[in-house]
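*Asks:* Pasting in a structure now, in structure tokens, and then I'll have a few things to ask.
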Amino acid sequence: MAFIRYIWRYVDVFYIYIDKLGLIIKMNKEMSTGIILICIGVILMALFGALGNYYIQKGRSKSAVENQKIILEKISDSKKEILKSSASIHKEPTLSINSKNGIEIKDTTSGPYFWLCLESLNAGSTNFELDCFILAEYKNGSTKLHPTELIPKNSEILTKAYRGLIPFDENIISLYLYINGTYSNLSQSANYKIDKLYNYRHEEGITYQRVGTDQEKVLGVIENLSKK
């Protein structure tokens, strides 16, 4: 109401001003008031329009800065992943079999199998040149040799690789897996050698690595059986 009273004070002044100019068109007080209100309305529209545009531009600038920050963060994260991946390629991988679940019995569509989980520790590995032998020891004291291709040459192991070894036989009390050969890191910039003998004890469900005289003894058996 105070704003309207303030405007009304200028209605008479506007009317007198028009009369002094000697305008042909005479306006009464109501017409003068209407014109003043229209003018004020136009000015207010322009004022609020400019104010609104200011906040819109300010919001756009703020949004652009936030989006740029998000983009920079994403680029930074991508660089970290690339560096992490690059570092992984150049680490030295180690082929190994876990003692708890390296070799276990698993049901497959072809029946139960002795199942292997071969791990590539620290980094991925490839370019496999491996000679592998599986020696099964039975309850009656007999043994049987199973030469096998553990993993194709051009395969890649990023962390773990799974495969069946031989069909499960309840008469097998012990299973030996001998791995000998070379492999490389994923970039194939370095080669590594492996010469390990693993022993899975069925009753214990644990896989051991055999070394020293135990390894020499089993390797002697494998060598003799491979000649037959």
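Coordinate-derived values only; no laboratory data. On a predicted model such as this, the values are computed, not experimentally measured, just so you know. All Cβ positions, even for glycine, are placed from backbone atoms using ideal geometry, and neighbour counts span all protein chains on display.
*Asks:* Work out, step by step, the length gained on full extension between V211 and N180: first 0.36 nm times the residue separation, then minus their alpha carbon distance; give nm to one decimal.
*Replies:* This chain segment gains 9.8 nm when fully extended.
*Asks:* What list of ³J(HN,Hα) values in whole Hz, one per residue of the range 91-99 in order, does the Karplus curve 6.51 cos²θ - 1.76 cosθ + 1.60 (θ = phi - 60°) give from phi, with Gly and Pro shown as x?
*Replies:* Listing the rounded values in order: 6, 8, x, 10, 6, 7, 10, 5, 5 Hz.
*Asks:* How long, wide and thick is the range 155-224, going by the Cα atoms along their three principal axes, in whole angstroms, largest first?
*Replies:* Principal-axis extents of the Cα atoms in the range 155-224, largest first: 43, 26, 21 Å.
*Asks:* Measuring from label point to label point, each 7 Å out along Cα→Cβ, what is the S110 to H146 span in nm?
*Replies:* Going by the 7 Å Cα→Cβ label model, 0.9 nm.
*Asks:* Further question on the same structure: Going by average Cβ density within 10 Å per residue, which order do the peptides 196-205, 102-111 take, highest to lowest?
*Replies:* Packing order, densest peptide first, comes out as 196-205, 102-111.
*Asks:* Here is a further query. Using all alpha carbons of the range 94-226, what is the percent of pairwise distances in each 10 Å bin, ordered from the shortest bin to the longest?
*Replies:* 12, 44, 34, 9, 1
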